[in-house]
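S.K.: Sharing a structure, written as structure tokens. Questions coming.
The values are calculated or read from the model by the stated rules, or taken from the named source; none is laboratory data. As the structure is a computational prediction, the values presented were derived from the model and not from experiment. Glycine gets a Cβ as well: all are built from the backbone with ideal geometry, and neighbour counts include every protein chain shown. Protein only, heavy atoms only, side chains kept; ligands, DNA and RNA dropped before computing areas. Shrake-Rupley method; radii C 1.70, N 1.55, O 1.52, S 1.80 Å.
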Amino acid sequence: YYGRELYYHQRYDEAIKMLSKFLDGGLGWIENNIDACYMMAQIYRVLGQFDEALKVLLRSLQYDRPRAEISCELGRYFLQRSQYAAAVFWYETALAATPSAGGFTLRDCYGYIPSIQLCICYDRMGDIEKANEYNERAGMYKPNSEAYLSNRQYFADKMKSME
């Protein structure tokens, strides 16, 4: 919990040391271990150390099945590198995930975020129909989302120009 507080107060170097020490101790509860990995990945991403973020996200898989939060971060990693097929895999994994009992959950990672990101992936891969389907799915989670509404207009215009 001290590592979490360091993270929240943007004392990133200290937070990484504390969270690493916690994980290396091997005594944490599964959900706390996974959350520590997630926090460390967030820190590494803020610091621009993307490969380190990837390593700690993958480390979380040694504790249990992938959580949607972790899967979304892995999807982000690959999307930012234009590795769309890999990003699709992780976002679809997030959509298939169910929240664990007692764990820290970000509800949007279990529906909205992977749907809207899959929309982006498929659009960039040129599959407009599938991209639109995922955008509509995102709209089921957040019908007033600015991203969803903007994408809806984008796809309407794009499909009209293809006629």
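S.K.: For Thr98, state whether it is farther than 16 Å from Leu57 by Cβ, over 12 Å from the mean Cα position of the chain (by Cα) and among the β-branched types (Val, Ile, Thr).
M.R.: yes
S.K.: Condition first: open to solvent by less than 50 Å² (accessible area, probe 1.4 Å), farther than 16 Å from Cys72 by Cβ and hydrophobic (A, V, I, L, M, F, W, C). Can you find one or more residues in the range 142-151 that meet it?
M.R.: So far as the range 142-151 goes, no, none of its residues is open to solvent by less than 50 Å² (accessible area, probe 1.4 Å), farther than 16 Å from Cys72 by Cβ and hydrophobic (A, V, I, L, M, F, W, C).
S.K.: Also, quick follow-up: Filtering the range 73-128 down to residues that are hydrophobic (A, V, I, L, M, F, W, C) and touching a Pro at 6+ places or on another chain (Cβ under 6 Å), which residue is nearest to Asp35 (Cα to Cα)?
M.R.: Ala94
S.K.: As an exercise: evaluate Gly48 against (1) within 20 Å of the chain's Cα centre (by Cα); (2) assigned to a helix (DSSP H, G or I); (3) modelled with pLDDT of 95 or more and give the number of the one condition it does not meet.
M.R.: (2)
S.K.: Same structure, new question: In the range 57-107, which residue that is polar (S, T, N, Q) and either open to solvent by less than 40 Å² (accessible area, probe 1.4 Å) or in a helix (DSSP H, G or I) (or both) is modelled with the lowest pLDDT?
M.R.: Here the residue is Ser100.
S.K.: Scan the range 1-27 and report the pairs whose first residue is within 13 Å of Gln42 (Cα to Cα) and in contact (Cβ under 8 Å) with a residue 24 or more places away in the chain and whose second residue is of a type outside the set (Phe, Trp, Tyr) and not in a helix (DSSP H, G or I), with Cβ atoms within less than 7 Å and a gap of 6+ or a chain change.
M.R.: Close Cβ pairs satisfying both conditions: Tyr12/Leu47.
S.K.: Let me ask something additional. What are the pairs with Cβ atoms under 9 angstrom where one residue, in the range 87-114, is free of Cβ contacts under 8 Å to residues at least 12 places away in the same chain and the other, located anywhere, is surrounded by fewer than 16 Cβ atoms within 10 Å (Cβ to Cβ)? Sequence gap at least six, or different chains.
M.R.: From residues that are free of Cβ contacts under 8 Å to residues at least 12 places away in the same chain, the pairs are Arg107/Pro99.
S.K.: Under 7 Å between Cβ atoms, which residue pairs at least 6 apart in sequence (or on different chains) link something in the range 140-155 that is closer than 17 Å to Leu95 by Cβ with a partner that is among the charged types (D, E, K, R) and buried (at least 16 other Cβ atoms within 10 Å of the Cβ)?
M.R.: Tyr148/Lys142
S.K.: May I pose another question? Out of all the residues in the range 4-51, which are within 16 Å of Thr105 (Cβ to Cβ), aromatic (Phe, Trp, Tyr) and out of contact with any helix residue (DSSP H, G or I) (no Cβ under 7 Å at 6 or more places or on another chain)?
M.R.: Within the range 4-51, Trp29 is the sole residue that qualifies.
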